Each structure stands twice: as structure tokens, then as C-alpha cells.
Amino acid sequence: MTSVRQSFEALVADVVAASRPRCGYGLGAIAYRHAVEITLEKGGAAFVVWLRRAEEDTRSYRRTARFKVGHTPDPPDPLGYAVIDALCARLEAWERALSAAAVAPLFEAPAAPGGGVPLTLEWLAVQAGLKPACRNLVRPAQLDALVPAAAAGGLHLEHTEARAFLTGFRTLGVDDATTIVHAGASRAAALRAADAERAMIDTCAQGARASDAQVRALGAALGYPDCCVEAFLPVRDLSNAEIRFHALQRTAGPAARLLNDTAVDEQSLVSHCVCRYDCAPSLRYAAALCDAFARGAPAAAAALRDRLGGLMVVLRSGGAFRLALAAGAADPARLTLVDAGSGARFEAWRAALEAADGLEARAGQARILRGGREVARLDAPPGEVQIRLFS
């Protein structure tokens, strides 16, 4: 562990310990991903406090000079906010002694305890035997740390620099994540996935379109369900948001929260584009991965499962909103808004929902409610807006 992480964890532990007599929260796991995630627990309930870089374009509960600080879901009671406020006060004092370069390692992919692999769900899925290999985008500078960590965790890596190839598919907002890393439970599995993607890269470099056979080969190497790969082929030139929208349109039954990748959070249980949000093979995989995650980090797994559920308002293009039951609310119409997106339609929905405590959808329209009264009405044609409960 880097010295800045040791210092940060000591700070968090001090804040939680000092606030515990009054607020009652204990410290669970601290995970270092794209965002730093701190799990706080109380009486069997848990929520996650996250830190992101201050320059990220995202809304937050608080911000300091170097960080944006938020939470997901809402704390179980108002005292959870007191813990976050105390943490932010300590962060402001702590960060004044640090440069931007000094805090950067907080957001690098970490090794697991004992020198294991980075604590990402994709790597965990391979370790648990749920898929033969996985793929991640990383910054080139991360490779030196990832290779020995993978070996210590029993995984094999193949990496491919693919800046030109990824330019047309950039969705993560991390411009310097230009290296594709394929991790496999065996060298053959990692190489099979890497070779399948390298064949696609070579085809695209020649100005041609990757063939359906090449896409199928990569999907098989990564363990994606056949039904999802076949559903992906006719829509693969669309944006990720549109592909997910189509899958939601095709979902006749209840949408499963464990498959929710429309949620406004960078973490989901599935990395492939599902054919539908009630896809049985995908749901079996997601449930098994959630169980594997819970064995090592039960509070964090519970918090992830919680934030994947809720009423989703998904725009065909522009973004999505998650409307979650407010903590402690008896009335299911009292909602907490979490959102991500941009554009005129997105802003119209956000402006309406920010003043709302309920939503009623019917016949291609959405009634936005406050105290049981309609405060706005928005068009919601099913070809442009999907309003679905993920449960």
C-alpha cells in the first residue's frame, strides 16, 4: 500500500472512531477504483461514501479543493451525513499538505490483501471461474503494477496498446486509458481473448468493419452468453446508451436489478451488453458474481446491490436517472434522485425531477408529482424514454 493510502485510511479510521459514540457508524471496506469507496455500516445497514477527483464532471454532496465527495445510496439516517461532513472537514486540512501528484495514487487500481489481483469485479469473476477471461481499459503506466499483482492472484495478462482503435468507442471519459488488458484464468484463455480482439483491431486498421464472426469469437473468449452476443450484432454500431435502451425495450418481464448497467454509477455486475434485462444466463452470472463479492466484502456487496435497484428513467440518448426510495420513507412515492447525462431533454427531466417526490407514468407521458400534486408533465414516448422498475 502506498504511503498516501496509509495516511488516508488512518484519517478515515480516526473520523469514524471519533464520530461513532454520537453517530453509531462503523467502518467497513475501503476500495480504490475509479472512485475511492468507503463503506460505512450501522445496525445491519450500509452505505458508501465515494471520493472522485475534483475535476470530474459529476455532481456531488460536498467538494474540497482536490476531491468531490458523494454517497450512494442515502445514509440510513441523518447522522450518516454528519459523518460525511466530518470526513470532508478532515480532508480539507489533510489535502493542503499534498500536491495533486501526491493524491493521484488514491485512484490507481490496487492490489488485494496479500498481493492479490486488483479488486475489480471483472477480475473476481475470472478468479471465481464464472468466465474464462475479461477485458479492462487501463493507463499504460498501470501495467507495471498490474502484471505482478495478476500473477500473485493466479491470473495471466495479455495487454494491447490500442489508442486508435479505442478512439471511436470512448465511453469512460478517461482519455489516457488506451491499453486493453485481457486477464485469464490461464495463459491460453488470456491469449485467446487478446488474439480475438487483436484480429478486430487489425481489421479496423485496414479501414474495414470487424466481421460478425470476429465479434462472436471475442464474445466466446470472454464468456458472454450467446443470446447477448447475437442481440448485440445488429446494434453494435450504436452508442452504449442506445444499445442498453434497445435491450430495455425488449424486456417484457420485470427488469432485474442485478443486470442494471443503466444505473448512474460506473460499477455494474455485468460487463457485456445484455440482450434483455431479464436474460436468464446473464442473471445467473450476475447473481453468482454478487455472491462471490459478498463473501469477501459483504457490506460493499450489499451497498452495490442496493444502488442497482430503483425506478430508472432511461433516455434513448442523453442520459439516465435513478429514482430510489428515500431512506426511512414509508411512502414509495418519496424518491431520491441520482442522475448522469447531458442535453436539452436530459436537463428538462432533471429540472422537473429535482422538485419532485413522485412520478406517475402512463400512455407515453410522465406526471411529475410533489406532495401528491402534479408539478410538471413530460412527454415520454416509449421509443425515446423508458421508465422501468429494476427490482
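Values in this text are rule-based calculations from the coordinates and carry no lab data. Being a predicted model, the structure only gives us computed values, none of them experimental. All Cβ positions, glycine included, derive from the backbone under ideal geometry; neighbour counts span all protein chains shown.
Tell me which residues come under 5 Å, amide H to amide H, from ALA376 once H is placed; ignore anything under 5 positions away on its chain.
ILE368
Quick one: Karplus J couplings for the range 140-149, per residue in order, coefficients 6.51, -1.76, 1.60, θ = phi - 60°, nearest Hz, x for Gly and Pro?
x, 5, 7, 4, 4, 7, 6, 4, x, 5
Fully extended, how many nm does the chain gain between ARG284 and THR58 (0.36 nm per residue separation, minus their Cα-Cα distance)?
Values: separation 226, 0.36 × 226 = 81.36 nm, distance 3.21 nm.
Working it through step by step, the gained length comes to 78.1 nm.
Less than 14 Å Cβ to Cβ from ALA205, Lys/Arg counted +1 and Asp/Glu -1: what total charge do the surrounding residues give?
Working: positive: ARG163, ARG198, ARG209; negative: GLU161, GLU197, ASP202.
Neighbourhood net charge equals 0.
List the chymotrypsin sites (Phe, Trp or Tyr not before Pro) within the range 151-260 that fall in a DSSP loop (any state other than H, G, I, E or B) and whose Cβ has at most 15 other Cβ atoms within 10 Å.
Values: sites: PHE165, PHE169, PHE232, PHE245; in loops: PHE169.
Here the sparse-neighbourhood loop sites are PHE169.
What order do you get for VAL181, VAL4, VAL215 when you list them from fewest to most C-beta neighbours inside 10 Å? Could the numbers behind the result be given before it?
Details: VAL181 24, VAL4 16, VAL215 19.
Ranked by crowding around the Cβ, least crowded first: VAL4, VAL215, VAL181.
Assuming R0 = 22 Å, what is the FRET efficiency of PHE107 and ARG163, from their Cβ-Cβ distance, to the nearest 0.05? Show your work: numbers first, answer last.
Numbers: r = 21 Å, r/R0 = 0.94.
Step by step, r from the Cβ atoms, then E = 0.60.
When a footprinting reagent is the concern and you count Cβ atoms within 10 Å, what order do MET312, MET200 take, fewest first? Walk me through the intermediate numbers first.
Values: MET312 24, MET200 18.
Ascending number of Cβ neighbours within 10 Å: MET200, MET312.
Read through the labelled values (1) 91, 46, 38; (2) 63, 43, 37; (3) 56, 56, 34 and report the label of the one computed as Cα extents along the principal axes in Å from the structure.
Here Cα extents along the principal axes in Å agrees with entry (3).
Based on the Cβ-Cβ distance of ALA252 and ARG96, what FRET efficiency does E = 1/(1 + (r/R0)^6) give at R0 = 45 Å, to the nearest 0.05? Before the final figure, lay out the partial values.
Numbers: r = 55 Å, r/R0 = 1.23.
Once rounded, the FRET efficiency stands at 0.25.
How charged is the neighbourhood of ALA183? Take every other residue with its Cβ under 9 Å from the Cβ of ALA183, and add Lys/Arg as +1 and Asp/Glu as -1.
On the way: positive: ARG135; negative: GLU122, GLU158.
Computed value for this residue: -1.
Assuming 0.36 nm per residue, please report the length gained on full extension of the stretch ASP291 to GLU374 beyond their Cα-Cα distance. Intermediate values should be presented prior to the final figure.
Numbers: separation 83, 0.36 × 83 = 29.88 nm, distance 4.14 nm.
Stretched out fully, the ASP291 to GLU374 stretch lengthens by 25.7 nm.
Gaussian network model of the chain, Cα springs within a sub-10 Å range: biggest mean-square fluctuation belongs to which of ALA31, ALA162, ALA150?
Result: ALA162 has the largest fluctuation of those listed.
Give me the one-decimal nm value for the distance between modelled label points at LEU389 and ASN240, 7 Å along each residue's Cα-to-Cβ direction.
Using points 7 Å along Cα→Cβ, the separation is 2.8 nm.
Compute the relative contact order of the chain as a whole-number percentage, counting only Cα pairs closer than 8 Å that sit 6 or more residues apart in sequence. Don't skip to the end; give the middle numbers.
Working: 676 pairs, mean separation 46.0, N = 391.
The normalised contact order for the chain reaches 12 percent.
Using 0.36 nm per residue of separation minus the Cα-Cα distance, give me the extension gain between SER7 and ARG22 in nm, one decimal. Display every interim value, and only then the final one.
Numbers: separation 15, 0.36 × 15 = 5.40 nm, distance 2.42 nm.
This chain segment gains 3.0 nm when fully extended.
Ordered by packing density, taken as the mean number of other Cβ atoms within 10 Å over each peptide's residues, highest first, how do 65-75, 248-258 rank? Write out the running numbers ahead of the final one.
Numbers: 65-75: 20.4, 248-258: 17.1.
In decreasing order of mean packing, 65-75, 248-258 become 65-75, 248-258.
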